[in-house]
Amino acid sequence: MAHPREKYWQSRSGKEQARAVHQALEQGAGLDGLDLSKVNGRWDLDGFRFPDEVPRDAAGRIWLHGVSVDGVSFRGAKIDGLALQKSTILGCDFENASCRNWGVWSSSIESTSFQGVDLRGSTFGYVEEGIPNALKDVIFDNSRLMDCVLNSVVFYSCRLRGVDIIDMDIKACSFIDCEFEGNILDSTIDGRHLAGRPFRPEVRGSDFSKARIRETEIIGYKLDQVSFNPSEVEVFKNGKATIDALDGILGDSDRDAGARALKGWAKYRNGLLRDLLSPEDILFIPSNFARIFEDPELVRRALSQANDLTDI
């Protein structure tokens, strides 16, 4: 549904003011002198859209370098294709805005709401000087993140409720004191230290207990005070040791071909056969996995012993 203020920004006076807003943002001059009103203590750019004549690159993006956007309300705005480099967004509200195909590189976003925002096709990536994107106290409730690229992003105290992460490849991102409630399906969350990155990604103090996790692998993280729903998955923090333990436990068993195949399934399913680079690789096994075997008790016992051996 269009925001009530959208028509204003399409009027002659609205377009003139929108050009002035773009110029101020581009120059990092702030919005104080633009005769804007305020809503909820923020500059009122609800329903805003950039004028058609604002230049875009070949990918359709409008670039802002080294700017600070502070205390602005963009509720219901249509600002697709915004590209931020070494910039800051602080105390803003983008509720229900369209922010498709954004590009965010080495920038920080803090105390900001992206509730209900359409971020499909956006890229949060890393550029020079080892500066990751830092997102702190950001609300992503009911936002749309499909087809997003998340690479070298640090999420501090962020909340993601009603969010679906589907068929995404998330690389070198940290989740610290975050809350996730939604679906994580057919995805890879890869925390291995990438070449040229001076920081080590981590997952710490985060709550995934209300997440539905299916066909997802997490690689290269050391978990610290992270909660998952035990009815969803068994979590083995040391994937390599778990596989080795299962090898010893099931290796001599000839009672159940399915149980003997557990190692191969786990290696294939979690990418451990392809990339056993670190003893910190995470192994996820569905909690009801044992039910599919002829001798489920053997499999349950093997998993329990592997759990004990790997000190989880």
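The values are calculated or read from the model by the stated rules, or taken from the named source; none is laboratory data. Everything numeric here is computed off the predicted structure, so don't read it as measured data. Backbone-built Cβ (ideal geometry, glycine too); neighbour counts: all protein chains shown. With ligands, DNA and RNA removed, areas are computed over all heavy atoms of the protein, side chains included. Shrake-Rupley method; radii C 1.70, N 1.55, O 1.52, S 1.80 Å.
General observations
- At an R0 of 22 angstrom, the distance between the Cβ atoms of Glu26 and Ile131 translates into a FRET efficiency of 0.55.
- Amide H to amide H, with H built 1.01 Å from N, Ala211 comes under 5 Å of Gly182, Asn229, counting only residues 5 or more places away or on other chains.
- Unit charges at the beta carbon, dipole of segment 32-178: most positive-side option, Thr88, Gly103, Ile176: Ile176
- Using distinct alpha-carbon pairs, which all enter the 1/r mean, Kirkwood radius of segment 71-163 in Å: 12.8
- Chain lengthening between Arg56 and Asn229 when straightened (0.36 nm per residue, less Cα-Cα): 57.8 nm
- When Thr216, Thr123 are compared by accessible surface with a 1.4 Å probe, the order from highest to lowest is Thr123, Thr216.
- Once the C-beta distance of Glu181 and Val149 is scaled by a Förster radius of 22 Å, the resulting FRET efficiency is 0.45 to the nearest 0.05.
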